[in-house]
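Asker: I am attaching a structure below and will ask some questions about it afterwards.
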Amino acid sequence: MPSTHEVFNQPPPLTGYDVAADPAMLDALRREGAGWAEDEVREVGVLAGSAQAQEWGRQANEHPPVLRTHDRFGHRVDEVEFHPAWHSLMTVAVRHGLHAPPWRDPRPGAHVARAAGFYVWGAADAGHCCPISMTYAIVPALRHAPELAGRFEPLLASREYDFGLRPPGSKRGLLAGMSMTEKQGGSDVRANTTRAVPAGDGGYLLTGHKWFTSAPMGDVFLVLAQAPGGLSCFLLPRVRPDGSRNGMRLQRLKDKLGNRSNASAEVEYDEAAAWLVGEEGRGVRTIIEMVNMTRLDCVLGTATGLRAGVTHAAHHSAHRTAFGRKLADQPLMANVLADLAIESEATTMAAFRLAGATDRAARGDEQEAAFRRLALAATKYWVCKRAPAHAAEALECLGGNGYVEESGMPRLYREAPLASIWEGSGNVAALDALRALTRQPETAEAFFAELDQAAGADRRLDQAIARLRKDVSDPAEERARYLAEAMALALQGALLVRHGHPAVADAFAASRLGDEATWGHAYGTLPSGTDTAAIVSRATPEILP
Ligand SMILES: Cc1cc2nc3c(=O)[nH]c(=O)nc-3n(C[C@H](O)[C@H](O)[C@H](O)COP(=O)(O)OP(=O)(O)OC[C@H]3O[C@@H](n4cnc5c(N)ncnc54)[C@H](O)[C@@H]3O)c2cc1C
């Protein structure tokens, strides 16, 4: 066969690069006290950028989990089958301690090191990060039941991925989930109707439905249910200590927009055995400690998605020529890429500042806990809102190739809206920021103290902070989004001005802050004179030799 055409002007595949070669992330890792983890983060980064890990990510999403409700004889089994690629992804995540180990690691910076691994490894696949995140997040809530924490925490922090339904105490490592949302209410969990009845042996029996419960092959779940003393939090094992299956029936798996490698189930609890965590009637206060940790991972996971989007866009544009010039050298494309890169760097810096605050708060630093309380809610609201448009724009940089599944960009795009829905949907997150602002004045003090550290360094940032101070004096509920956005932008600006690359900080301030901000309504509207080449080079990946 004579060849009919030659393939040219297509970029090389973006495999074999170090995802951790990410200047904003590496600087933040050191600044937030975890420079000691850099070698392992780089190791995870090389693995995440390998053809092997990318293939696992592709396979795990193209072969989504399958629910098996019954065995061939008609017995209920309620098991979910995963493609082997899912198990490979989980094995790496658990081996590198991207779940609960920092809770048992006395080194300052342990939570930051884990955040970096989570951020880098998430580039391989977002879906499996859900059970990894929940296993991280359960620990502070579980500590409200010291006896249960003593029993299960070491297994939740184990670096062995031990898949399968067996009694938790008999396994080498455990994974956790969270079961709150019911058909009639997800944000308003006080509307939960699942009942918890004392079993007489110190435990409880739970009966009711849950409309969303992700990672249902986990070993233990925090579940909200109405006990005699009010809405309470319970730890529910998938398999009872005597080896029998607990009354946790999986009705269906959700057919989701994205996040397809992960299973999210509808669950019916039928006198399922569970143990009380915290006091009866204080279930929301207890489980919110888990939610607060998964919110951090919503921010980190979003930062991962933004970085992946701009990396792919920059790589494509560095290799593709149109109208006689590389796309990356076309002034308007350089503007788009730089704008995407700025958004990504600002998000990464905020995410790591929050991971640092988490680390210090976990070690008893109250000022950092207060800062985190407000800053996390506002940042979670804003960065998650930015993600879908960012993914769409990054996809478009690849032209038609970006719309085709093989590019991986559609997966990124479908994932993008999820973090905003999870763990406090947009409005709920913004209202939570407002609640902190108005009811916990110490959080506003800590937040403005952080901003004040950047005072005088950039006129536009100073203007934005001055305006924010005025704006927060009118904390009307309908202004919650406006205020959360302004807070998040001021925090990102302050971090960039103090610690960021000068070209990134300048372009961020010129476009997103200050009284003369010249930003348009789409990405790619940075003002003339922006040093786009310096900014884009920080997002352009290098293929390893
Ligand atoms: C893929 C996926 C996996 C999930 N996994 C889990 C899981 O493992 N465990 C679990 O418990 N849940 C899980 N969820 C559920 C998720 O947490 C809820 O969907 C979310 O909390 C929103 O609840 P809801 O769907 O009932 O919406 P609603 O609470 O009805 O909210 C609908 C809309 O109203 C807005 N809203 C709510 N209250 C207010 C208000 N006071 N003012 C203004 N606006 C308001 C919300 O922001 C939202 O936009 C999952 C969801 C998805 C999509």
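The values are calculated or read from the model by the stated rules, or taken from the named source; none is laboratory data. Just so it is clear, the structure is predicted and the values come from calculations on it, not from any experiment. Backbone-built Cβ (ideal geometry, glycine too); neighbour counts: all protein chains shown. With ligands, DNA and RNA removed, areas are computed over all heavy atoms of the protein, side chains included. Shrake-Rupley method; radii C 1.70, N 1.55, O 1.52, S 1.80 Å.
Asker: Which numbered condition trips up Asp105, out of (1) more than 22 Å from the chain's Cα centre (by Cα); (2) farther than 14 Å from Tyr161 by Cβ?
Answerer: Every listed condition holds for Asp105 apart from (1).
Asker: Further question: In the range 474-516, what residues are part of a loop (DSSP other than H, G, I, E, B), of a type outside the set (A, V, I, L, M), at negative phi and open to solvent by less than 40 Å² (accessible area, probe 1.4 Å)?
Answerer: Gly500
Asker: Need a quick list: helices (runs of 4 or more DSSP H) entirely within the range 1-88 having at least 2 residues that are open to solvent by 40 Å² or more (accessible area, probe 1.4 Å), closer than 19 Å to Ala313 by Cα and modelled with pLDDT of 95 or more.
Answerer: 51-62
Asker: Given the conditions (1) closer than 17 Å to Leu148 by Cβ; (2) open to solvent by less than 10 Å² (accessible area, probe 1.4 Å), which single one is not true for Arg240?
Answerer: (2)
Asker: While we're here: Considering the range 200-214 alone, what residues qualify as being near the ligand (Cβ under 7 Å from one of its atoms) and either without any contact (Cβ under 8 Å) to a residue 40 or more places away in the chain or open to solvent by less than 20 Å² (accessible area, probe 1.4 Å) (or both)?
Answerer: Lys210, Thr213, Ser214
Asker: Could you grab me the full set of residues in the range 526-537 that are open to solvent by 40 Å² or more (accessible area, probe 1.4 Å) and in a loop (DSSP other than H, G, I, E, B)?
Answerer: Ser528, Gly529, Asp531
Asker: Taking the range 196-252 as the region of interest, how many residues are hydrophobic (A, V, I, L, M, F, W, C), under 29 Å from Pro65 (Cα atoms) and in a loop (DSSP other than H, G, I, E, B)?
Answerer: 2
Asker: Same structure, new question: Right, Gly305: open to solvent by 20 Å² or more (accessible area, probe 1.4 Å) and either of a type in the set (Lys, Arg) or over 30 Å from Ala436 (Cβ atoms) (or both) or not?
Answerer: no
Asker: Please find, within the range 450-461, the residue that is surrounded by the most Cβ atoms within 10 Å (Cβ to Cβ) out of those that are touching a residue at least 40 places away in the same chain (Cβ under 8 Å) and more than 26 Å from the chain's Cα centre (by Cα).
Answerer: Restricting to residues being touching a residue at least 40 places away in the same chain (Cβ under 8 Å) and more than 26 Å from the chain's Cα centre (by Cα), the top hit is Leu461.
Asker: Among the listed residues Leu224, Leu257, which satisfies the condition of being surrounded by 17 or more Cβ atoms within 10 Å (Cβ to Cβ) and within 16 Å of the ligand (Cβ to nearest atom)?
Answerer: Leu224
Asker: Then there is this: Is it true that Glu415 is within 11 Å of the ligand (Cβ to nearest atom), at pLDDT below 95, open to solvent by 10 Å² or more (accessible area, probe 1.4 Å) and under 25 Å from the mean Cα position of the chain (by Cα)?
Answerer: no
Asker: Does the range 420-442 hold any residues that are crowded, with 23+ Cβ neighbours inside 10 Å, within 10 Å of the ligand (Cβ to nearest atom) and aliphatic (A, V, I, L, M), and which are they?
Answerer: Within the range 420-442, Ala429, Ala430 qualify.
Asker: Let me ask something additional. Test Phe152 against the stated conditions and say whether it is more than 19 Å from Tyr269 (Cβ to Cβ) and either of a type in the set (Val, Ile, Thr) or more than 23 Å from the chain's Cα centre (by Cα) (or both).
Answerer: Yes, satisfied.
Asker: If Val284 satisfies every condition in (1) touching a Phe, Trp or Tyr at 6+ places or on another chain (Cβ under 8 Å); (2) over 30 Å from Gly399 (Cα atoms) but one, which is the exception?
Answerer: Exception for Val284: condition (1).
Asker: Would you be able to say whether some residue in the range 511-527 is in contact with a strand residue (DSSP E or B) (Cβ under 8 Å, 6 or more places away or on another chain) and touching a residue at least 40 places away in the same chain (Cβ under 8 Å)?
Answerer: No, the range 511-527 has no match at all.
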